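FYI, it's all coordinate maths here, none of it is from the lab. This is a predicted model, so every value here is computed, not measured. A quick note on method: Cβ atoms are made from the backbone with ideal geometry, for glycine too, and the neighbour counts reach across all protein chains shown.
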Amino acid sequence: MNIFEKFMKLDRRWVYLLLITVCVLTYVADFDVPILVEKEVKVIYDRIESLEEGSVVLIAIDYDPNSLAELHPMTYAIVEHCWRKKIRTIFTSLSQNGPGMCDQAIRDITDSLSLDREYNGVTYKGREIVNGVDYCFLGFKPYYAIVILGMGQAFKLPFPADYYGTPLDSIPMMQDIINYDQVDLVVDISGGNITDAWISYGQGRFGFPLALGLTGVMTAQYYPFLGSGQVIGIMGGLLGAAQYEQLADNPGRAKDGMRVQLAAHLVIILFIVMGNVGYFASRKRLKKEGRA
Amino acid sequence: MRRQIPFALVFIFGFFMIFQFFVPHETSEFFYEFLLDWIIVIGIFALALGIWSLFKVSVEKIKLGKEGAQYSYVTLVGLFLMMAFGFTQKTGEGWGLYFLWIVLCGACIVALMRLRASASAGSKRMWGMMALGLLIGAVLVAIFDDAWAFYFYTQEGLSNSMFRDFFDYIMMPILATMFALLAFYIASAAYRAFRARNLLASLLLLAALLVMSRFNPFLPGAEYVAKASNWLMNVPNMAAQRAIVIGIGLGIVGTALKVILGIERGYMGKG
Amino acid sequence: MEFTQFLWMTFGVFVTLCIMSFLYKDNPFYKFAEHLVVGVSAGYFVVILWHTGLVPKLFQRLADGDWYYGFLNSSNLEYLIPAILGCLMWTRFSKDYSWLSRWPMALYIGISAGLAVPLEMSNRVNKQLQAMMVKIDWANFFGHDGFDLLDITNGLSQLLILVGALAAIIYFFFSKEHKGAFGHVATLGIWVLMIGFGASFGFTVMARISLFINRLQDTFAWGHQSFDTSNEHYSIFFPIVFWGLVLFVTGYIAYEIVTHLRKKATTS
């Protein structure tokens, strides 16, 4: 039995321990990983950057805590970008645990907006973010496809009141916003197939510009929609989030995690290579023994 | 009647939705909006079924004393606490006897479950009395403590700090960690199962390695690797996924038509 | 950060470690956290469904009616229909009346199927086919600025997308045996699909690692808070709680190691 074959027989828990050790050590070793920005992400950043003060962006927080690692950094970066530029935002959560995620993100970003900050050389004064003026959080309703279609008729059709119980008719921001016609961009940050509904039932039916923030697992599947122009851009996984943070000059948890990604990927690539070398070595040996 | 009415409903509403898409007349729009609205209301009742199911399974587990029944208490207490927080909120600065009320209610739930699980009459009586006592205590606290109140008709409960803390510090970490375990399983799979056994497996392996390598800006020729990976995503991957998207699309349309025309009736179940 | 919030954060780290312990083996801590989250999630969903669903969509609409008349004197009487249909869903638990639950289900399925036919056909099938029918850029077949095979907009890439997608669609066509020229194209199709799946796998690795990174970040943030003297609410209790949890975890690990070694000694 050669070393590779021995490695194949190793208890899997040693593999886990090795991965944990590498991740922890890399996280402790504080170094920056340069981020190469891809066009798919830059398009989204540029679109938001080009919007004027008072424009409306709908941000759909369609993910549960199990995807928060990849998608929460996107939410934080995009919402902060919008609010710094005084772009009004509408939030929806069509995933069942989404409202809690959205509620938490709003609280955190509101706190961050109260401070003066400089992004890409521009100083933004801290300001108070007011519910109903700067944003409106519509909350959750079941059957996402139906809700997306309903919002195309009028936001108040599926959401007569916002998450906090205020009727939509009495929310100042929603006075001039009836349906998607008044929305300049929809950003769906999603960890499941709600994205399909946003494409087929939302963008397809009402024609608004749609940008996607997706988990890594989903990213590759949505490239055809990018190619067909149904989607303007895609942020894929933690790397996509890190690219947005890089563009917005607002480093957060995504950029912070990239050095661990780098090390963990090297370990996994090493595992794949060693596994294959072991496989070919044992195949060669078996062939030899067969001949003998 | 048991099968014909549902079949007729599917046909009528399915056909109406298709018709409405192509003929968006004022009248059809009116009904269309109504249906979109109605279906959400129905959905709320439908989703609550799952919760009831969970409750029933947990109670049954305790009643029959199945293996791991003690964990069902944790489930039920968690369920109750979250509901209690979601429907209550403090009225002023302090919480008063709120936490006593929470403890009384939690203990009452446990006592009720013990009552269900009890086999002997003596034990039943004891747990019954205890549950009743705790319930009376909880009701009295709820009536006489003004520091907090129930809010069923307005959304104050959603801003209850306990409700938020339970979400932020229990639901979020546990659900996130459950999925984080997959990182280790994928590492284990990488060295056990990811083999270049034949041409197809080799293609898959090479594509995966290229996509994984784009993270590394320290590699020699990192920009070239990133560009190659981007090409892979936008050309061969796009072609593959496009075929899948078209396939799925045709599948959805085919199944939907079969459902509307009554060829596919699996959704009705037996009976 | 206040001490109570720090305690919550500590509990968050504790349940994270409970779940992580499953990597070693199934244990009571894991089971505790698992069952806790099931209950809490269900409770959360009940509250969300009630507050953001039933109250605004039903109760407030029927609010002008009187409950003792069964809301029959409400001006929005029509909303009683979906409410009744919704209640019929609950007949699923009855042996004799479960057939009634088919009515609301049929309404939902009919509406969903009716919506899917034109919209899925248009947005999944037609628009993707349309995107395939691009005019091949023969003038820039090998790149726009000189020879550049990795240029995703050059004619070659366009052609590869067209041929690759067609081949992959043919691979999914099972009504004709994959033989001869048809079989060769189908083989090309499976090659293309494999590259697509490989790309997905590459992204999946990133996704899974990201999830662990997040837990790492939260745990380190907790460790940082435990000794953050710049925190205005900082007290000696912060590090006490920190060391308490560390001791507890270390103790459990030591217990597991001793048990494991004893078992090994007994079996050998």
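Things to note:
- Choice from A:Asp30, A:Asp162, A:Asp184 showing the highest fluctuation, given a GNM over chain A with Cα pairs closer than 10 Å: A:Asp30
- With the convex hull of the Cα atoms taken as the outline of the protein assembly as shown, the averaged projected area works out to 43.9 nm².
- For A:Arg13, C:Arg102, B:Arg192, the sequence from fewest to most other C-beta atoms within 10 Å is A:Arg13, B:Arg192, C:Arg102.
- Cut-off under 5 Å, modelled amide H: who pairs with A:Ala60 long-range: A:Thr92, A:Val187, A:Asp188, A:Ile189
- Ratio of Rg to Rh over chain C (Cα coordinates, Kirkwood Rh, two decimals): 1.13
- The range B:1-64: radius of gyration over Cα atoms, expressed as a fraction of 2.2 N^0.38 Å: 1.71
- Exposure proxy shown here: for B:Cys108, C:Cys87, the number of other Cβ atoms within 10 Å sets the order, fewest to most, as C:Cys87, B:Cys108.
- Cleavage-rule hits, trypsin sites (Lys or Arg not before Pro), the range A:86-131, DSSP coil, Cβ neighbours within 10 Å at most 15: A:Lys86, A:Lys125, A:Arg127
- Residues in the range B:223-234 carry Karplus couplings, in order, of 5, 5, 5, 4, 5, 5, 5, 5, 5, 4, 5, 8 Hz; the curve used is 6.51 cos²θ - 1.76 cosθ + 1.60 with θ = phi - 60°, and Gly or Pro positions show x.
- Straight-line cross-link reach from C:Lys176 at under 29 Å between alpha-carbon atoms covers these lysines, not counting any fewer than eight positions away in the same chain: B:Lys258, C:Lys127.
- For the range B:157-271, the C-alpha radius of gyration divided by 2.2 N^0.38 Å, with N the number of residues, is 1.70.
- Amide hydrogen proximity for A:Met235: with H placed 1.01 Å from N in the peptide plane, the residues at 5 or more positions away or on another chain lying under 5 Å are A:Leu212, A:Gly213, A:Leu214.
- Dipole axis of the range C:134-212 (+1 Lys, Arg; -1 Asp, Glu on Cβ), positive-most option in C:Leu188, C:Gly155, C:Phe141: C:Leu188
- Using a cut-off of 31 Å between Cα atoms, the listed pairs B:Lys56/C:Lys25; C:Lys25/C:Lys95; A:Lys86/A:Lys255 include C:Lys25/C:Lys95 as exceeding that distance.
- The local environment of C:Gly12, defined by Cβ-Cβ distances under 11 Å, has a net charge of -2 under the rule Lys, Arg +1 and Asp, Glu -1.
- Normalised by residue number, the volume inside the convex hull of the Cα atoms of the range C:19-99 is 154 Å³ per residue.
- Under Karplus coefficients 6.51, -1.76 and 1.60, residue-wise ³J(HN,Hα) of the range C:199-207 in Hz, glycine/proline x: 4, 4, 5, x, 5, 5, 4, 4, 4
- For the protein assembly as shown, with +1 on Lys and Arg beta carbons and -1 on Asp and Glu, the positive-most of A:Val41, A:Ile90, B:Leu175 along the dipole: B:Leu175
- Choice from B:Thr75, B:Thr88, B:Thr27 showing the highest fluctuation, given a GNM over chain B with Cα pairs closer than 10 Å: B:Thr27
- Think of each Lys and Arg Cβ as +1 and each Asp and Glu Cβ as -1; about the Cα centre, that makes the dipole of the range B:163-271 roughly 420 debye.
- Hull-based mean projected area of chain A, where the convex hull spans the alpha carbons, in square nanometres: 18.9 nm²
- In Hz, Karplus ³J(HN,Hα) per residue of the range B:118-130 (6.51, -1.76, 1.60; θ = phi - 60°; x = Gly, Pro): 5, 9, 8, 5, x, 5, 4, 4, 4, 5, x, 4, 5
- Choice from B:Phe80, B:Phe218, B:Phe19 showing the highest fluctuation, given a GNM over chain B with Cα pairs closer than 10 Å: B:Phe218
- For B:Lys227, a cut-off of 20 angstrom between C-alpha atoms picks up these aspartates and glutamates, skipping any fewer than 8 places away in its own chain: A:Glu38, A:Glu40, C:Asp145, C:Asp148, C:Asp151.
- Distance between the range C:10-24 and the range B:1-78 - C-alpha centres, whole angstrom: 35 Å
- Computed helical MRE - 222 nm, chain C, DSSP H runs ≥ 4 contributing -39500 (n - 2.57), nearest 500: -22000 deg cm²/dmol
- Listed by chain and number, the aspartates and glutamates whose alpha-carbon sits under 20 Å from that of B:Lys124, ignoring those within fewer than 8 places in the same chain, are B:Glu60.
- Rg over Rh, two decimals, chain B (C-alpha only, Kirkwood Rh): 1.10
- Pairwise centroid distance, computed over Cα atoms, of the range C:101-134 with the range A:36-58, Å: 30 Å
- If you take all other residues with their beta carbon under 12 Å from the beta carbon of A:Arg12, and give Lys and Arg +1 and Asp and Glu -1, the sum is +3.
- Nearest-20 debye value, the protein assembly as shown charge dipole, Cβ charges on Lys, Arg, Asp, Glu: 4580 debye
- The mean number of Cβ atoms from other chains found within 10 Å of a Cβ in peptide A:237-246 is 3, as a whole number.
- With a 10 Å cut-off around each Cβ of A:145-156, the average count of Cβ atoms from other chains is 4.
- Amide H contacts of A:Tyr119 (H built 1.01 Å from N, in plane; Pro and chain starts excluded): A:Tyr124 sit under 5 Å, all sequence-distant by 5 or more or on other chains.
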